[in-house]
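Reviewing the structure listed below.
The values are calculated or read from the model by the stated rules, or taken from the named source; none is laboratory data. Please read these numbers as outputs of a predicted model, since none were measured by experiment. Neighbour counts run over all protein chains shown; Cβ positions are idealised from the backbone, glycine included. Heads up: the accessible areas ignore ligands, DNA and RNA and are worked out on the full protein's heavy atoms, side chains in. Shrake-Rupley method; radii C 1.70, N 1.55, O 1.52, S 1.80 Å.
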Amino acid sequence: MTETNSRLANPQWGGRFATGPAAIMAEINASIGFDQRLWRQDIRGSLAHAAMLARVGLLTAGEEKQIRDGLHDIAEEIASGTFEFSSALEDIHMNIEARLSDRIGEAGKRLHTARSRNDQVATDFRLWVRDAIDGIEAQINALMTSLATRAHAYAATPMPGFTHLQVAQPVTFGHHLLAYVEMLARDRGRLNDARARLNECPLGSAALAGTSFPIDRKFTAQELGFTRPTANSLDAVSDRDFALEYLSALSILAMHLSRLAEEIVIWCSAPFGFIRLSDAFTTGSSIMPQKRNPDAAELVRAKIGRITGDFIGLLTVMKGLPLAYAKDTQEDKEPVFDATEAATLSLAAMDGMIRDMTPDQGRMRELAGAGFSTATDLADWLVRVLRVPFRTAHHVTGRLVGMAEAKGCDLSDLTLDEMRGVEPGIDASIFSVLTVEASLASRTSEGGTAPINVECAARLWLERLEGDA
């Protein structure tokens, strides 16, 4: 055995092998460089496993106490930064187990009774993803609260509503912001659904077939806050659906954040000028001193590339694996860690921008009436008052829009005689529906943009979010 191979040989599983792995094998095989962030979950799982082993008589009370005290000491070492991680020991599980045996001797070697690294890592990873979901859900709630707060403040502020990025009908700024609250609520729901499905405990499935020891899997699951043990040992050690579902939910969340980020970029641009971001969320140009670039929004917009890439990457890793465990699944953690970091940062940045932005209400109001945005209100008046079919009203309104466009004026600037030249039944009351404020006030259907609706919806969301918190 070479010096290098001797150094890299793993004493935890090395009894089967006469020599250690080649250096390149050790490098590709080791995961401690990234899976060390599972240390809290690994120690938590080991504490529960030790308590279960003592409960069923596979450890003495004294051995269980030694293990418990040793694991707590190791947790303090890792938290303080004094723990020495070894790539020769491959992963976080072996690093902690070896350190435990060094500290407490034979009792530490008994901890691995009735478990395998296969069910151990599956359990640790579920615990980590569950914790990550809880953290991201809290961030989503914070962003929803910020959006609903601004929506309540601007419930009656007119802005142009767009289709095809063309002015369509007036809406309120509050109504626009609440649309993203609804999106985020669905994101939160998807993450909650994923959390409920992952909340089964693989520990006790061992390598793939279960164990002959008289363990109590229900006890272990309860200790770790799982709803129940997993039902099939083969599935338990090889399943990564929970990670894929989590990444899928993060991908949709990132898409929503990217859409909002794109709107912030547009709103900040000079042709629009709807909002202003402070220096806290913008940068300057190296050559153009007048520039204020919405870089935070642009970076949030870009993060979807990383997150969806992580999802597709793991989906590709898993797509051809036979049962049960395969080393391929070591590639599961880095995409999940990366996507979580990107989502966490994006949520924090977006929450900051929403709280930071200053709307230009005058500019919004100015453009809310542009592009004949009250044309639909005119058509609705024809249907409601003159009882003409909507298709006829649509045709009449189109002719009136063409007339106003040719004159270079708004619909409200046409004379009554001009309007009657197209539809003789029109009377002076038509002008009451051609203002932005009248258009907004009329949209009282459930989910509509009427300021009274928006104020009520924002208030209900704030009350609900406060209750959730």
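Looking at the stretch 401-425 only, could you name the residues that are surrounded by 11 or more Cβ atoms within 10 Å (Cβ to Cβ), of a type in the set (Gly, Ala, Ser) and assigned to a helix (DSSP H, G or I)? Correct list: Gly402, Ala404, Ser412, Gly421.
A residue that is in contact (Cβ under 8 Å) with a residue 60 or more places away in the chain and either in contact with a Leu (Cβ under 8 Å, 6 or more places away or on another chain) or within 28 Å of His152 (Cβ to Cβ) (or both) occurs nowhere in the stretch 402-415.
Just checking, does the stretch 27-38 include any residue being of a type in the set (Lys, Arg), surrounded by 22 or more Cβ atoms within 10 Å (Cβ to Cβ) and in contact (Cβ under 8 Å) with a residue 24 or more places away in the chain? Within the stretch 27-38, none of the residues are of a type in the set (Lys, Arg), surrounded by 22 or more Cβ atoms within 10 Å (Cβ to Cβ) and in contact (Cβ under 8 Å) with a residue 24 or more places away in the chain.
Residue-level check: of (1) at pLDDT below 95; (2) under 25 Å from Ser233 (Cα atoms), Glu334 misses just (1). Of everything in the stretch 157-177 that is surrounded by fewer than 20 Cβ atoms within 10 Å (Cβ to Cβ) and not hydrophobic (A, V, I, L, M, F, W, C), the residue that is farthest from Ser439 (Cα to Cα) is His164.
Residues that are surrounded by 22 or more Cβ atoms within 10 Å (Cβ to Cβ) and either within 25 Å of the chain's Cα centre (by Cα) or farther than 16 Å from Arg117 by Cα (or both) within the stretch 47-63 comprise Met52, Leu53, Leu59, listed in sequence order. Using beta carbons and a limit of 6 Å, which pairs, at least six apart or on different chains, have the first residue in the stretch 298-323 and under 14 Å from Ala249 (Cα atoms) and the second one surrounded by fewer than 14 Cβ atoms within 10 Å (Cβ to Cβ) and of a type in the set (Lys, Arg)? Short answer, once both residue conditions are applied: none. The single condition among (1) touching a Phe, Trp or Tyr at 6+ places or on another chain (Cβ under 9 Å); (2) over 15 Å from Glu223 (Cβ atoms) that Ser87 does not satisfy is (1).
Only a single criterion out of (1) open to solvent by 70 Å² or more (accessible area, probe 1.4 Å); (2) more than 19 Å from Met159 (Cβ to Cβ); (3) free of Cβ contacts under 8 Å to residues at least 12 places away in the same chain; (4) assigned to a helix (DSSP H, G or I) is not satisfied by Glu366, namely (2). Applying the criterion of being in contact with a Ser or Thr (Cβ under 7 Å, 6 or more places away or on another chain) and under 19 Å from Ser269 (Cα atoms) to the residues of the stretch 340-358, the residue that is most open to solvent (accessible area, probe 1.4 Å) is Arg355.
Output the number of residues of the stretch 146-171 satisfying the condition of being of a type in the set (S, T, N, Q), out of contact with any Gly (no Cβ under 8 Å at 6 or more places or on another chain) and more than 17 Å from Ile266 (Cα to Cα).
Adding up the residues that qualify gives 2.
Filtering Ala457, Ala379, Ala441, Ala393 for residues that are open to solvent by less than 50 Å² (accessible area, probe 1.4 Å), within 28 Å of Trp267 (Cα to Cα) and of a type outside the set (S, T, N, Q) leaves a single hit, Ala457. Screening the candidates His72, His112 for the property of being closer than 13 Å to Arg44 by Cα and surrounded by fewer than 20 Cβ atoms within 10 Å (Cβ to Cβ) yields one hit, His72. The residues listed here are Asp131, Asp187; of these, the one that is farther than 30 Å from Thr113 by Cβ and either touching a Ser or Thr at 6+ places or on another chain (Cβ under 7 Å) or at pLDDT 95 or above (or both) is Asp187.
Restricting attention to the stretch 430-469, the residues that are closer than 27 Å to Gly369 by Cβ and among the basic types (Lys, Arg) add up to 1.
If you go through the stretch 181-198 and keep only what is closer than 16 Å to Gly45 by Cα and open to solvent by 10 Å² or more (accessible area, probe 1.4 Å), you end up with nothing. Identify the residue in the stretch 5-22 that is surrounded by 13 or more Cβ atoms within 10 Å (Cβ to Cβ) and hydrophobic (A, V, I, L, M, F, W, C) and, among all such residues, is modelled with the lowest pLDDT. If we take residues in the stretch 5-22 being surrounded by 13 or more Cβ atoms within 10 Å (Cβ to Cβ) and hydrophobic (A, V, I, L, M, F, W, C), then Leu8 is modelled with the lowest pLDDT. In the stretch 48-71, the residues that are under 21 Å from Cys201 (Cβ atoms) and touching a residue at least 24 places away in the same chain (Cβ under 8 Å) form Cβ pairs under 8 Å with partners that are aromatic (Phe, Trp, Tyr) and assigned to a helix (DSSP H, G or I), at six or more places apart or across chains, as follows: Ala51/Phe219; Met52/Phe219; Arg55/Phe219. Whether a residue is part of a helix (DSSP H, G or I), open to solvent by 20 Å² or more (accessible area, probe 1.4 Å) and either at pLDDT 85 or above or touching a Leu at 6+ places or on another chain (Cβ under 8 Å) (or both) was assessed, and Arg44 passes this test.
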